[in-house]
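Only one structure is covered here, and it is reproduced in the block below.
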Amino acid sequence: MIFVGEGALLWRAVRHTLDSGLPVDLVCGPPPAVNAARPDVPFRAAADVNSVAAELVAASTDGVVWSLNNRMIFRAPVLSSGLRVLNVHHGPLPAYRGLPEVALVYAMLHGEREFAATLHQVDAGIDTGPVLAADRYPIGPDESFHTVLRRGLQICQGLFERCLPLVAADPAWNGGPDRPGGAGPGGYFGRRELARLPRYRDHPNFGRATDLGFLAGYLPELAAVLG
């Protein structure tokens with residue numbers, strides 16, 4: 001298995017995979033990232049995962065690529081290589097595509113009472129591929145953004161751990177008959193929606209939906225817009 005992404009969520013998934021006795025063929029992440037978490041695992045720094053498509057193909061032993069906390073967009077060099085890319089997206093699909101932290105702010109502004117982690121197969125769109133599995137979790141009416149996001153990251157990790165053995169047993173696993181509804185156009189929350197957030201300062205949910213708390217340093221784009 002190959003892993004693409006960065007941060008704690010990625011490396012917890014790598015560690016869990018190794019602890020489960022499963023192989024990790026390669027980890028790929030954006031520079032200047034270094035493999036300090038697991039120096040025993042091959043690591044390739046790349047600003048564009050598509051530029052190292054041939055290396056991913058050469059390293060892969062099962063044809064599976066996991067994408068976790070990954071902002072790089074997969075394009076034809078990878079998607080046409082025969083590799084199957086599975087992405088853990090923090091947000092219910094297709095309703096909340098795009099940047100997870102931005103989507104979560106809007107979900108809270110919309111008064112959503114639950115959110116989700118979704119596993120889907122990556123296609124040429126952004127968060128539009130077939131949905132394989134999803135785990136939902138509640139959003140309390142008075143909870144702040146940082147509380148909800150921290151819970152969501154735990155749900156993402158749990159979803160990965162739940163689906164890992166299923167994919168390991170069958171790399172073509174499609175989620176089975178009880179998988180959630182397929183992806184579609186839904187709503188997209190990217191940098192344009194990020195830039196529009198200050199317009200909502202008078203919204204009754206704005207305070208708690210933008211309370212980044214201790215996560216402000218980890219979300220510099222969001223913090224800058226809100227600041």
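Just a yes or no: is a residue in the range 19-33 open to solvent by 50 Å² or more (accessible area, probe 1.4 Å) and assigned to a strand (DSSP E or B)?
Initial filter on the range 19-33 (open to solvent by 50 Å² or more (accessible area, probe 1.4 Å)): 19-21, 23, 31-32.
Narrowing further to those that are assigned to a strand (DSSP E or B): none.
Scanning the range 19-33 turns up no residue that is open to solvent by 50 Å² or more (accessible area, probe 1.4 Å) and assigned to a strand (DSSP E or B).
What's the total number of residues in the range 34-44 that are closer than 29 Å to D123 by Cβ and either at pLDDT 95 or above or open to solvent by 40 Å² or more (accessible area, probe 1.4 Å) (or both)?
Of the residues in that region, 3 qualify.
Could you grab me the full set of residues in the range 45-75 that are of a type in the set (A, V, I, L, M), under 22 Å from P171 (Cα atoms) and open to solvent by 60 Å² or more (accessible area, probe 1.4 Å)?
Within the range 45-75, A54, V57, A58, I73 qualify.
Kindly evaluate T147 against the criterion of being surrounded by 16 or more Cβ atoms within 10 Å (Cβ to Cβ), in a helix (DSSP H, G or I) and of a type in the set (S, T, Y).
So T147 passes the test.
Considering the range 202-218 alone, what residues qualify as being surrounded by 15 or more Cβ atoms within 10 Å (Cβ to Cβ) and either under 11 Å from H146 (Cα atoms) or modelled with pLDDT under 95 (or both)?
R208, A209, T210, D211, L212, L215, A216
Failed condition for P94, given (1) at pLDDT below 95; (2) more than 28 Å from R151 (Cβ to Cβ); (3) surrounded by 18 or more Cβ atoms within 10 Å (Cβ to Cβ), with all others met?
For P94, the exception is condition (2).
The values are calculated or read from the model by the stated rules, or taken from the named source; none is laboratory data. Keep in mind that this is a model prediction, so the values were computed, not measured. Every residue, glycine as well, gets a Cβ built from its backbone with ideal geometry; the counts of neighbours run over all protein chains shown. All accessible areas refer to the heavy atoms of the entire protein, side chains included, with ligands and DNA or RNA removed. Shrake-Rupley method; radii C 1.70, N 1.55, O 1.52, S 1.80 Å.
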